[in-house]
Every structure is written in C-alpha cells, then in structure tokens.
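Each remark here refers to the structure printed beneath this line.
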Ligand SMILES: O=C(O)CCC(=O)C(=O)O
C-alpha cells in the first residue's frame with residue numbers, strides 16, 4: 001500500500017478539506033479496535049461521554065432519562081489499547097499527515113482521541129460545525145483522522161461535509177451562539193445543499209481539516225456504529241497556554 005497521498009489527492013485535500021483513503025486500516029487492526037471498543041462499551045469503561053451530555057437534537061434529556069446512559073464516545077482512545085497507539089501513529093497515517101501539516105507533527109490528546117459509538121436507539125443529530133470552534137491553537141491548522149471500524153452510511157449516521165468550507169470565512173451572523181451554521185440564513189441553506197455524504201467501508205480512513213464544516217445524522221440502523229478518531233497538529237502549532245487544548249501532553253510522532 002502506498003504510504004503517501006498522490007499529488008491529486010493532496011490537491012484534493014487542499015481544495016475540499018478532506019480525503020478518504022480506502023482500505024487503509026488492515027482487517028486485523030480493525031477487528032482488534034472493534035473488540036476493545038465493544039468490551040469497553042459493555043463495561044462502561046471510563047472516561048466516557050454520554051449522548052445526554054451533548055444536549056444535541058435527539059439526545060436523552062439527562063443521564064437519568066430513558067437512554068440516558070447511552071455512550072457517545074469512549075474517550076482517551078490512545079491510552080486504551082496498543083492497537084490505537086500503533087495505528088494513530090502508523091507510517092501510512094503519519095506520512096500523509098506530514099504531507100498536509102509539515103515534517104514534524106504531534107497527536108493532540110486533548111481533542112477527539114476517542115472511539116465514537118453511535119447507538120441505534122438513542123443517537124443524536126450533530127449540526128453543521130467546525131471542530132476548531134472550541135480548540136485553541138496558534139494556527140487553525142489541525143487535521144483529524146477518522147478510522148471506520150464498520151460500514152458508515154447515511155442510514156447509520158455517517159459524516160456529511162461541506163467541501164471547501166475550510167478555506168471560507170463566515171460572518172458571525174451566519175453562526176448561532178454555539179457556532180453551528182444557522183439554517184435560517186439563506187446563504188447557509190444554499191451551502192448546505194452542497195453537502196457530500198462521507199460513506200465509508202470498514203477500514204476506510206478519512207482525513208479532514210479542523211475548519212471543514214461537517215454534520216451527521218442519527219443512527220437509523222440496527223447496530224452501533226464505531227469510528228476511532230484522532231487529531232494532529234504541526235509541532236510548532238502550539239496549544240494556547242491555559243486552554244483545554246493545552247490540558248494534556250501531546251504525542252510527538
Ligand atoms: O458522528 C457524529 O455524530 C459527528 C461527530 C462530529 O462531528 C464531531 O465529533 O465533531
């Protein structure tokens with residue numbers, strides 16, 4: 001398997017803000033990740049984020065409500081098992097990230113660094129947002145890597161992206177108080193019609209820019225959807241002192 005983006009793919013990432021590498025994660029690693037995720041989900045192994053914590057549309061109202069103990073993320077994936085450490089830093093991932101971010105890179109343990117667990121019974125809807133909105137770095141130039149541990153389709157709540165939005169600027173009036181794109185603004189509505197569904201097969205890996213607007217629907221399937229996600233920065237793109245982004249030691253690749 002080629003360890004690098006082709007020039008066309010690197011150009012595509014620069015233009016669209018994302019790229020998919022089909023079948024990058026080998027089946028053995030994928031199955032091990034899934035096994036660990038299923039084990040930790042069944043054991044409710046901390047640290048966890050619950051759907052109820054998000055307050056997103058469709059989420060249980062509180063941890064005490066029906067479905068209130070539905071897990072949305074198994075946090076701190078990097079620390080959970082060697083298979084996450086191995087693949088979050090593996091050569092085919094790191095080499096591509098170096099093409100996008102420069103030669104010296106680090107994994108940001110404070111962001112993503114999780115297995116997303118989208119439950120068919122109680123999953124919420126994630127509105128259009130940029131991940132950088134709550135992250136604090138010298139430059140808004142981070143890349144996340146999303147490993148599909150099973151099939152991701154519109155029906156089970158795959159990611160949706162707005163290509164090219166990572167290089168667009170938006171007036172404050174386009175965003176609500178939580179920095180989601182407002183649906184009642186005409187230019188946003190036109191932009192939302194350009195959405196692309198990032199449908200993935202097991203083992204496919206998505207690279208996406210922290211300024212890319214993305215969203216996701218509910219899981220209307222019958223099985224939990226599992227995706228492992230990690231975020232990276234250039235080594236000289238430091239988290240701002242005192243911010244949540246600076247709250248954990250990063251892993252230099
Ligand atoms: O899978 C989802 O619901 C979306 C997750 C997402 O957009 C995020 O964590 O930034």
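What follows draws every value from the coordinates through simple rules; no lab data is involved. Note that this is a predicted model, so its numbers are computed, not measured. Cβ: placed from backbone, ideal geometry, glycine included. Neighbour counts: every protein chain shown.
List of remarks:
- Each listed q (0.24, 0.28 Å⁻¹) maps to a log10 I(q)/I(0) for the stretch 38-94, found by the Debye formula over equal Cα scatterers with no solvent: -0.89, -1.05.
- As a rough footprinting exposure proxy, the listed residues 50, 134 were ranked by other beta carbons within 10 Å of their own, and the order from fewest upward is 134, 50.
- FRET efficiency estimate (nearest 0.05) - Cβ-Cβ, residue 54 to residue 196, R0 22 angstrom: 0.40
- Scattering from the stretch 124-189 was approximated by placing one identical point on each alpha carbon and applying the Debye formula without solvent; log10 I(q)/I(0) at 0.11, 0.22, 0.24, 0.26 1/Å stands at -0.34, -1.19, -1.30, -1.37.
- Once the convex hull of all Cα atoms in the stretch 146-242 is built, its volume per residue stands at 147 Å³.
- For the stretch 98-147: Kirkwood Rh in Å [reciprocal of mean 1/r, alpha carbons]: 13.5
- Across the chain, Cα-Cα pairs farther apart than 27 Å form 34% of the total.
- Spin-label pair residue 220/residue 235, simplified geometry with 7 Å Cα→Cβ offset, distance in nm: 4.8
- Value at 222 nm in deg cm²/dmol, rounded to 500, when DSSP H runs of n ≥ 4 in the chain each add -39,500 (n - 2.57): -6500 deg cm²/dmol
- Rg/Rg_globular for the stretch 60-158, with Rg_globular taken as 2.2 N^0.38 Å and Rg from C-alpha atoms: 1.25
- Site pair residue 125 and residue 64 shows an inter-label distance of 2.8 nm when each label is modelled 7 Å from Cα along Cα→Cβ.
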